[in-house]
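Values quoted throughout were computed directly from the atomic coordinates according to the rules given, and no laboratory measurement underlies them. Just so we're clear, the structure is a prediction, and the values are computed from it rather than from any experiment. Ideal geometry is used to build each Cβ from the backbone, glycine not excepted, and the neighbour counts take in all protein chains shown.
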Amino acid sequence: MPSAPRTLLDKIWDDHVVCTPSGELPLLYIDRHLVHEVTSPQAFEGLRLAGRRVRRPEATFATPDHNVPTSDRRLPIADPISKQQIDTLRANCREFGVRLFDLDDADQGIVHVIGPELGITQPGMTIVCGDSHTATHGALGSLAFGIGTSEVEHVLATQTLRQAKPKSLEVRVEGSLPPGVTAKDIVLYLIGRLSTEGGVGHVIEYTGECIRSLGMEQRMTVCNMSIEAGARAGMIAPDAVTFDYLRGRDHAPKDYDAAVARWEKLPSDPGAVYDRVEIFRAADVVPQVTWGTNPAQVTGIDAVVPDPAAFADPNDRSSAARALDYMGLAGGTKIVDIPLDRVFIGSCTNSRIEDLRAAASVIRGYRVAPSVQAMVVPGSGRVKRQAEEEGLDRVFREAGFDWREAGCSMCLGMNPDTLAPQERCASTSNRNFEGRQGKGGRTHLVSPAMAAAAAVAGHFVDVRHWQYK
Amino acid sequence: MQSFTTHTGIVAALDRANVDTDQIIPKQFLKRIERTGFGQFLFFDWRFLPDGSLNPDFELNQPPAAGASVLLARRNFGCGSSREHAPWSLADYGFRAVIAPTFADIFFNNCFQNGIVPIRLDEADVDELFKRARAAAANGGQYRLHVDLKACTVSDDAGFERSFAVDSFRRQCLLEGLDDIGLSLRHTDEIAAWEKAHGLPAVSH
Ligand code: SF4
């Protein structure tokens, strides 16, 4: 008897349920566990206190990224508490036998950048990390989601997680990507439409012509921000783009053709039913800029900052009013009239080589506006080296950008890279929450091309009309 | 883990939607390597003025919320970062329950690991609780709620009573204060069988 058509999520889920003991939540097997310095120390400490070991150290990969300085790596880390957290990760990895990509490792970088880059992330896998942007890895057709520290400890000890099966949400983006519009604009637009909680309880599968046409790194940008719509994870069915991307990477399967033959069975079957479907048109998307303090408070570059009074829902109205107060903006202001102090190109959303190429092509032959301080922080040591081989670092430096070492940096400002109070920043990162990039700092989320153009102009500009040199 | 059966406590009413974990515990306090001592940093940027003094305008600093252990908020509470430091700081400050119309998934899960009950009530019921908390405050008093995890109800002394839904396994773990890693390790044979069936080498220890 043929089985009922299944979604990508169904297939990965069914394959990973170890058991569902009566009266308990299912135990889901976890193929890959990524670890960083901020959300792991208490988990390792828990293991130690209980006398437990890491069940499968070879399935676990660690790197310091959140706290690390992005200036000269040969200098000691100035902040003693950051240093302690990084030292603790080092000691824990040694004690429990976990592979660490340490600060001096050529492959160190943001955990969500190095996973795919090293081929640790593969289609059909379950992947977790004590970090909400783990959804990034779903771009390769895996089920990848963020967990808390107690769950990190659970995975370390058992290689499984207690999970109820999430619901499935198909987000279909029809039509082709308009010129000058990028994956970042697509995902910001989707979040604006779905709201910050539209995806709660769901795993989003992105489908449709527009999504299929994206390159691997652009797909990562889309999946990365699934959590900003509240979704548990985001995923995209693996295809030739995925298989070409992974081929030859350090941790890719040795018998690659056999792996591809397995992976080709993963995409959702025709007729598979999702719990919910939302359909959008790529043609409706213009370059996006956030104006508020959550990623759903977003609008097009050709629009104005909204008037809070225009929101029908009282929660939305008061949120918008609070946000504008914090952001120092008035309703009705044209987005292109918003002046900037800082520009940050980086983060697990937009710090890969294609992102840096896009930004560099905008600024080539231009200079950063005198009123703006701008920086580029590559997502990993590999991205940095690749960019330098292509001469992108020179393009950035000659335009007046700082060129830094890999890490999370000003995405969350746990290291010295932060905004001063009331400084206004165009950022390619994923969160514009109050104080995210520094207490009192004002963050506008944009694509790398939009950030680069804003750095040159000193205010937001519509990159669709940019004069490339 | 601290168990939870019933709890009666003062309500702190935080009338905001989309309270993210960056606000609950700002990043500068994530560098500690312990699970304890985070309460002093809870809502730090809202609770304290730049000079370090208490911000009198912030709800938690006002007399009706003194000694509060039940937090009332609007929808999508706990969105954003997965940091478990958020429930650690809420628990360390003294909160045992959070009531909101909706919660972000990771935060919701993290609560159960830390002896906090996250309670989803309808928007209209949450509205009613805000009204009651405000009325008590207007009379110079405090508002108390009673949370019963055995019966899955939340109630006050003036006739409000609603039941809430909670996964039965999570509920049992919380009622008994169970170590869920210990529970999962009871299934080591099934885990090993899964690994074998998927061609993974056996675990040596
Ligand atoms: S770059 Fe930002 S969002 Fe991504 S893992 Fe680092 S801190 Fe988190």
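Once amide H atoms are placed 1.01 Å from N in the peptide plane, what residues at a sequence separation of 5 or more from B:Ser81, or on another chain, have their amide H within under 5 Å of its amide H?
Those qualifying (amide H under 5 Å, at least 5 residues apart or on another chain) are B:Thr21, B:Asp22.
With labels modelled as points extended 7 Å from the Cα through the Cβ direction, what inter-label distance (nm, one decimal) is found for B:Ser204 paired with A:Phe311?
The modelled label-to-label distance comes out at 5.7 nm.
Which distance in nm do the two modelled labels at A:Arg73 and B:Thr153 give, with both placed 7 Å along the Cα-to-Cβ direction?
That separation, rounded to one decimal, is 6.1 nm.
How high is the relative contact order of the stretch A:305-463, given as a whole-number percent (alpha carbon pairs under 8 Å, six or more residues apart)?
28 percent
Please compute the modelled spin-label separation between A:Arg262 and A:Lys469, points set 7 Å along Cα→Cβ, answer in nm with one decimal.
It is 5.1 nm.
Only Cα pairs under 8 Å and at least 6 apart count here; give the relative contact order of the stretch A:1-97 as a rounded whole percent.
27 percent
For the stretch A:52-111 and the stretch A:434-451, what is the separation of their C-alpha centers, rounded to whole Å?
Cα centres, the stretch A:52-111 to the stretch A:434-451: 26 Å.
Starting with the fewest neighbours, write out A:Leu9, A:Leu324 ranked by other beta-carbon atoms found within 10 Å of each beta-carbon.
Sorted ascending by nearby Cβ count, the order is A:Leu324, A:Leu9.
Under the rule of -39500 (n - 2.57) per DSSP H run of 4 or more residues, summed and divided by the residues of the protein assembly as shown, what mean residue ellipticity at 222 nm is obtained, to the nearest 500 deg cm²/dmol?
Counting only the DSSP helices, I get -9000 deg cm²/dmol.
Assuming a viscosity of 0.890 mPa s and a temperature of 25 °C, what translational diffusion coefficient in µm² per second does Stokes-Einstein assign to the protein assembly as shown, Rh being the Kirkwood radius over Cα pairs?
Once the numbers are plugged in, D ends up at 97 µm²/s.
When DSSP beta bridges are limited to those with both residues in the stretch B:61-205, what percentage is antiparallel, rounded to the nearest 5?
Rounded to the nearest five, the antiparallel share is 45 percent.
Compute the Kirkwood hydrodynamic radius of chain B, taking the inverse of the mean of 1/r over all pairs of distinct Cα atoms, and give it in Å to one decimal.
About 18.3 Å, per the Kirkwood formula over Cα pairs.
Let's see if you can work this out: charge +1 on each Lys and Arg Cβ, -1 on each Asp and Glu Cβ, no other charges. What is the dipole magnitude of the protein assembly as shown about its Cα centre, in debye to the nearest 20?
For the protein assembly as shown, the charge dipole is close to 500 debye.
To check you understand DSSP bridge types, tell me what percent of the beta bridges within the protein assembly as shown (both residues inside) are antiparallel, rounded to 5.
Just about 30 percent of them are antiparallel.
With +1 on each Lys and Arg Cβ and -1 on each Asp and Glu Cβ, and nothing else charged, work out how big the dipole of the stretch B:5-57 is about its Cα centre, in Debye to the nearest 20.
Dipole about the Cα centre, nearest 20: 260 debye.
Residue-wise, which Karplus ³J(HN,Hα) couplings in Hz belong to the stretch A:81-91, taking 6.51 cos²θ - 1.76 cosθ + 1.60, θ = phi - 60°, and x for glycine or proline?
The phi angles translate into 6, 4, 4, 4, 5, 5, 4, 5, 4, 4, 5 Hz.
Could you give me D for the stretch A:1-137, from Stokes-Einstein at 4 °C and 1.567 mPa s, where the hydrodynamic radius is the Kirkwood radius over C-alpha pairs? Units µm² s⁻¹, please.
The calculation lands on 77 µm²/s.
For A:Lys165, A:Lys265, what ranking results if the residue with the fewest other Cβ atoms within 10 Å of its Cβ goes first?
A:Lys265, A:Lys165
What are the ³J(HN,Hα) values, in whole Hz, obtained from phi via the Karplus relation 6.51 cos²θ - 1.76 cosθ + 1.60 with θ = phi - 60°, for each residue of the stretch A:103-109 in sequence order, with x given for Gly and Pro?
Whole-Hz 3J(HN,Hα) from phi for the stretch A:103-109: 3, 8, 7, 4, 9, 4, x.
In whole percent, what relative contact order does chain A give with Cα contacts below 8 Å and a gap of six or more residues?
17 percent
Mind checking the mean number of beta-carbon atoms from other chains within 10 Å of the Cβ atoms in A:130-142?
Mean shielding by partner chains, rounded to a whole number: 2.
What value in Å³ per residue do you get for the convex hull of the alpha-carbon atoms in the stretch B:1-87?
So the per-residue Cα hull volume is 121 Å³.
Which far-off residues, 5 or more places away or on another chain, put their amide H under 5 Å from the one on A:Arg6, with H placed in the peptide plane?
Long-range HN contacts for A:Arg6: A:Asp269.
How large is the charge dipole for the stretch A:268-407, taken about the Cα centre, if only the Cβ atoms of Lys, Arg (+1) and Asp, Glu (-1) carry charge, to the nearest 20 debye?
440 debye
Can you work out the base-10 log of I(q)/I(0) for the stretch A:110-195 at q = 0.25 1/Å, using the Debye formula on its C-alpha atoms alone?
-1.34
Rank these for me by crowding, B:Ile191, B:Ile25, going from fewest to most other beta carbons within 10 Å.
Ascending number of Cβ neighbours within 10 Å: B:Ile191, B:Ile25.
Picking from A:Ile363, B:Ala193, B:Ala151, whose Cα lies most toward the positive end of the charge dipole for the protein assembly as shown (charges on Cβ: Lys, Arg +1; Asp, Glu -1)?
A:Ile363
So which aspartates and glutamates can A:Lys334 reach, going by Cα to Cα under 13 Å and dropping same-chain residues fewer than 8 places off?
Filter leaves A:Asp302, A:Asp307, A:Asp462.
Using the Cα atoms as the points, what is the convex hull volume per residue of the stretch A:358-429 in Å³?
Looking at the stretch A:358-429, the number lands at 92 Å³ per residue.
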